[in-house]
Amino acid sequence: EKGGFNSFMEKEIHDQPSAVHDTLLGRLDETGQLTLDELRIDESLLRSVDKIVVIACGTAAYAGHVARYAIEHWCRIPTEVELAHEFRYRDPIVNEKTLVVALSQSGETMDTLMAIRHAREQGAKVIAICNTNGSSIPRESDANLYTHAGPEIAVASTKAFLAQITAAYLLGLYLAQLRGNMYADEIGEVLRELQAMPEKIQTVIDGADAIKAMGTGMGETESVLFLGRHVGFPVALEGALKLKEIAYIHAEGFAAGELKHGPIALIEPGQKVFVIAPSPRGRNSLHSKVVSNIQEIRARGAETIVIAEEGDEAVEAYANHVIRVPQSPTLLQPLLSTVPLQIFACAMAEAKGYDVDQPRNLAKSVTVE
Ligand code: M6R
């Protein structure tokens, strides 16, 4: 049941530390090596792969976008992410050297299933990352890596998203281990960081009241924008999707760098904009670029809500509100920065009196094309 929460969605947001923890569980041996024996796929095949295509829909596709940054960085394998319903109809280039990774919480999404069939007909091998044992997608795939998020009831996906990112990262690290792209200690370092995430996610959840108050206070808001760069970009898209789905308002996610190419024209006084700030400790100029983006929209009157790492002082000057998340390497930050966006959407939808778990026009699994 709902475990004392107002909705399944709220409960599932709170389940996220254990969803990530359980997805990591049992996948390391005593020496700290990744052992994904359950994959039962020919290792030589994984060594010869020259392209990865991630297929999924909705939130699962955003998890795929996040994973792409990590997989390309760690494995140096060209990786594409495509909506399953688009993939199938464009005569995609896939063959025996293509590894298709299908992401699906339910395992019953027809669009994704049809894309899997198409890929396999072309000779590609498919690994499914799925949350539902024995569902159609894992049954029709060559290999499976289950997420262990537990059943997700609310139509708006939350804990499955974090678990999908976690599982896709394990797969990326496994490929890097197998193909010799990373040293064992580098892989070990990322795994240690991943294992620290459940506690950090809990810290974000412990701060839920302030975020909820913000969501409740914005009950009259008609449009919210979300900006991010790098892995923060798919997080922005996910934040916008949550609001559309359950609060029924116009919400859009942008790559922050794209602002000046058009969307900045939307900014008028009072426009609410969430910005996901990357870690200032990263070794590139990502953080300062995002700070200037915040400055640009603030100068045009936007009300800025910035999700930033603990200790990131640079955002203070341009943020109307700052939501803090614990420090983490940039690639892992989506596991933290998504959580406030989920809490916000849930609170806003509740404030508007909507059924958070069963939004209009939507079904939990989309079993038609
Ligand atoms: O079960 P799946 O992960 O395959 O579902 C994919 C999408 O239908 C799903 O993520 C949908 O976008 C959610 N309602 C998002 O909250």
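In segment 217-256, the residue that is farthest from the ligand (Cβ to nearest atom) out of those that are part of a helix (DSSP H, G or I) and open to solvent by 20 Å² or more (accessible area, probe 1.4 Å) is 217.
Given the options 42, 37, name the one that is closer than 18 Å to residue 166 by Cα, open to solvent by 40 Å² or more (accessible area, probe 1.4 Å) and either free of Cβ contacts under 8 Å to residues at least 12 places away in the same chain or in contact with a Phe, Trp or Tyr (Cβ under 9 Å, 6 or more places away or on another chain) (or both). Can you show your working first?
Values: 42 fails: closer than 18 Å to residue 166 by Cα.
Among 42, 37, only 37 is closer than 18 Å to residue 166 by Cα, open to solvent by 40 Å² or more (accessible area, probe 1.4 Å) and either free of Cβ contacts under 8 Å to residues at least 12 places away in the same chain or in contact with a Phe, Trp or Tyr (Cβ under 9 Å, 6 or more places away or on another chain) (or both).
The set of residues in segment 131-153 that are open to solvent by less than 10 Å² (accessible area, probe 1.4 Å) and near the ligand (Cβ under 8 Å from one of its atoms) contains only 137. Filter segment 87-117 down to the residues that are open to solvent by less than 40 Å² (accessible area, probe 1.4 Å) and either more than 16 Å from the ligand (Cβ to nearest atom) or in a loop (DSSP other than H, G, I, E, B) (or both) and list them by number. Listed by number, the residues that qualify are 92, 94, 98, 99, 105, 106, 107, 109.
The values are calculated or read from the model by the stated rules, or taken from the named source; none is laboratory data. As the structure is a prediction and not an experimental result, all values here were calculated from the model. Don't worry about glycine lacking a Cβ; one is built from the backbone with ideal geometry, like all the others, and counts go over all protein chains shown. Only protein heavy atoms, including side chains, enter the accessible area calculation; ligands, DNA and RNA are left aside. Shrake-Rupley method; radii C 1.70, N 1.55, O 1.52, S 1.80 Å.
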